Amino acid sequence: WHRMQPRRFLQSAPPRPSRRPEFAFAFDIDGVLVRSSDPLPRAQKALRYLQSQRIPFILLTNGGGKHESERVDDLSKKLEVPLDTSMFVQSHTPFADLDEYKNRTIMVVGGDEDKCRRVAERYGFKTVVTPGDILMAYPDVWPFSQQLLPYYKTFSRPLPAPIDPTSPSTSLKIDAIFVYNDPRDWGLDTQVIKDVLLSHKGIMGTLSHKNGDASRPNKGYQQDGQPPLYFSNPDLLWAAKYHLPRLGQGGFREALEGVWAALTGGSKAGVSLQKIVIGKPHQPTYEFAEKRLLAHRKQLLAQQAANLEPLKRVYMVGDNPESDILGGNSYKSPHGIDWISVLVGTGVHVAGTTPNHIPRMEVGDVWDAVQWAVEREE
Ligand code: G3P
Ligand code: MG
């Protein structure tokens, strides 16, 4: 594949695009624009240039854990570039559209639990329970997090119903589980998710069983009315501040899958864990992002709306071959838009190594990516 030796392109701003941009950018965040809270050296230059040229872009991240408006404010301040939520998609943003669960009881797992609960409530979910709430109400549910009770006490809320297996009709029933962000307490979260998935119809404190015989666990797990399990981010690894990639939400999912297999026999016994995983590289997340990019572009170039050319190309700039490059390469646009994957060496991918998924172009950093794309659009 093309690996543009990270030669430094024109030091000055690249040539002004001659025609109305029929192209746009989608930037991954961690490992492309920032490393945790630190902006990467030429991220500001890249975004400011595009804004000066009125070339549309969105930020597309598998990160999350706070409301879009809060994350965008943080990034604007860190990068010193004006950003708004119309150009921002994070891991759990698509969950806001799941109206069928808004008036039911959901469990939100991961991140700063209180922040993630508040995000779900701002999305319109009326009854949100967290593993911390359950631990505070029933400390014995997970004996190994007692030392964390003071932390959970600061934000947990009373449960909407008790956990009372003797009275299933009034016991706490979970109708869907959403993992919003990287779990902090993998033990508690694994235990509580396991309790829900092996329960009878999502009723906490019960055990799924076949034909009413409670002594024989139901081998057809998740065929006894248990609730769906959603993950917002597949990333096994991601680029944080540490110089080596860190385990992400995908690491938690793999650990949970291991516990599930040990308990149920898992896929070998025909009982693989039923789950819905969104986030890059999956098609629904790219479709969601493309829709948001088209709307943002229309708004940005409103005064040229009359003769605005259809968007033809999106440069997907990322650091993780498993999410950004695989997603960019495999995405099938309903609008016939060509997503061109561009891999940078400032995050998970190590320059000079061969990535599992081959990008259309490899460059040094995000500014190189912008330079290369604008030059080829000329
Ligand atoms: O939790 C964030 C991590 O999974 C990666 O985020 O911005 O590189 O997609 P990003
Ligand atoms: Mg990244």
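Kindly provide the set of residues from the range 285-302 that are open to solvent by 70 Å² or more (accessible area, probe 1.4 Å) and at pLDDT below 95, ordered by number.
Once the filter is applied, which keeps residues that are open to solvent by 70 Å² or more (accessible area, probe 1.4 Å) and at pLDDT below 95, the range 285-302 yields LYS298, GLN299.
For residues in the range 17-62 being among the aromatic types (Phe, Trp, Tyr) and over 15 Å from the mean Cα position of the chain (by Cα), which is nearest to GLY328 (Cα to Cα)?
PHE25
Mind listing whichever residues of the range 19-69 are over 20 Å from ASP235 (Cβ atoms) and in a loop (DSSP other than H, G, I, E, B)?
ARG19, ARG20, PRO21, GLU22, PRO41, ARG42, GLN53, ARG54, ILE55, PRO56, HIS67
Can you report the number of residues in the range 136-148 which are among the aliphatic types (A, V, I, L, M) and either more than 28 Å from the chain's Cα centre (by Cα) or under 15 Å from SER199 (Cβ atoms) (or both)?
2
How many of the residues in the range 334-356 are within 12 Å of ALA26 (Cβ to Cβ) and either touching an Asp or Glu at 6+ places or on another chain (Cβ under 9 Å) or within 11 Å of ligand 1 (Cβ to nearest atom) (or both)?
Here the count works out to 4.
LYS312 is checked against (1) open to solvent by 10 Å² or more (accessible area, probe 1.4 Å); (2) within 16 Å of ligand 1 (Cβ to nearest atom) and fails just one. What number does that condition carry?
(2)
From the list VAL317, VAL342, which one is of a type in the set (Val, Ile, Thr), outside any loop (DSSP other than H, G, I, E, B) and within 24 Å of GLY251 (Cα to Cα)?
Answer to the selection: VAL317.
So which of ILE134, ILE163 ends up being open to solvent by less than 30 Å² (accessible area, probe 1.4 Å) and farther than 19 Å from LYS102 by Cβ?
None of the others qualify; the one that does is ILE134.
Which one of these does LEU273 not meet: (1) within 16 Å of ligand 2 (Cβ to nearest atom); (2) among the hydrophobic types (A, V, I, L, M, F, W, C); (3) modelled with pLDDT under 95?
Condition (1) is where LEU273 drops out.
Suppose we keep only residues that are over 30 Å from SER199 (Cβ atoms) and buried (at least 18 other Cβ atoms within 10 Å of the Cβ) within the range 264-284. Which one would you say is farthest from ligand 1 (Cβ to nearest atom)?
PRO281
For residues in the range 302-357 being aliphatic (A, V, I, L, M) and out of contact with any helix residue (DSSP H, G or I) (no Cβ under 8 Å at 6 or more places or on another chain), which is farthest from ligand 2 (Cβ to nearest atom)?
Going through the qualifying residues, I end up with ALA306.
Quick one: ARG253 ticks every box in (1) of a type in the set (D, E, K, R); (2) touching a Pro at 6+ places or on another chain (Cβ under 8 Å); (3) closer than 30 Å to ARG3 by Cβ; (4) more than 13 Å from ligand 2 (Cβ to nearest atom) except a single one, so which number is it?
ARG253 satisfies every listed condition except (3).
List every residue pair whose Cβ atoms lie under 7 Å apart, where the two residues are 6 or more positions apart in sequence or sit on different chains, the first residue falls within the range 95-108 and is closer than 12 Å to ILE177 by Cβ, and the second residue, located anywhere, is among the basic types (Lys, Arg) and open to solvent by 30 Å² or more (accessible area, probe 1.4 Å).
THR105/LYS173
Restricting attention to the range 194-210, does a residue exist that is touching a helix residue (DSSP H, G or I) at 6+ places or on another chain (Cβ under 8 Å), β-branched (Val, Ile, Thr) and either modelled with pLDDT of 95 or more or part of a strand (DSSP E or B) (or both)?
Checking the range 194-210: at least one residue is touching a helix residue (DSSP H, G or I) at 6+ places or on another chain (Cβ under 8 Å), β-branched (Val, Ile, Thr) and either modelled with pLDDT of 95 or more or part of a strand (DSSP E or B) (or both).
Has the range 318-329 got at least one residue that is surrounded by fewer than 17 Cβ atoms within 10 Å (Cβ to Cβ) and either under 30 Å from LYS194 (Cα atoms) or away from ligand 1 (no atom under 16 Å from the Cβ) (or both)?
Checked the range 318-329: no residue is surrounded by fewer than 17 Cβ atoms within 10 Å (Cβ to Cβ) and either under 30 Å from LYS194 (Cα atoms) or away from ligand 1 (no atom under 16 Å from the Cβ) (or both).
The values are calculated or read from the model by the stated rules, or taken from the named source; none is laboratory data. Every value quoted in this text rests on a predicted model; they were computed, and no experiment measured them. Counting neighbours? That spans all protein chains shown, and the Cβs are built from the backbone with ideal geometry, glycine included. Calculation scope for accessible area: heavy atoms of the full protein, side chains included, ligands and nucleic acids excluded. Shrake-Rupley method; radii C 1.70, N 1.55, O 1.52, S 1.80 Å.
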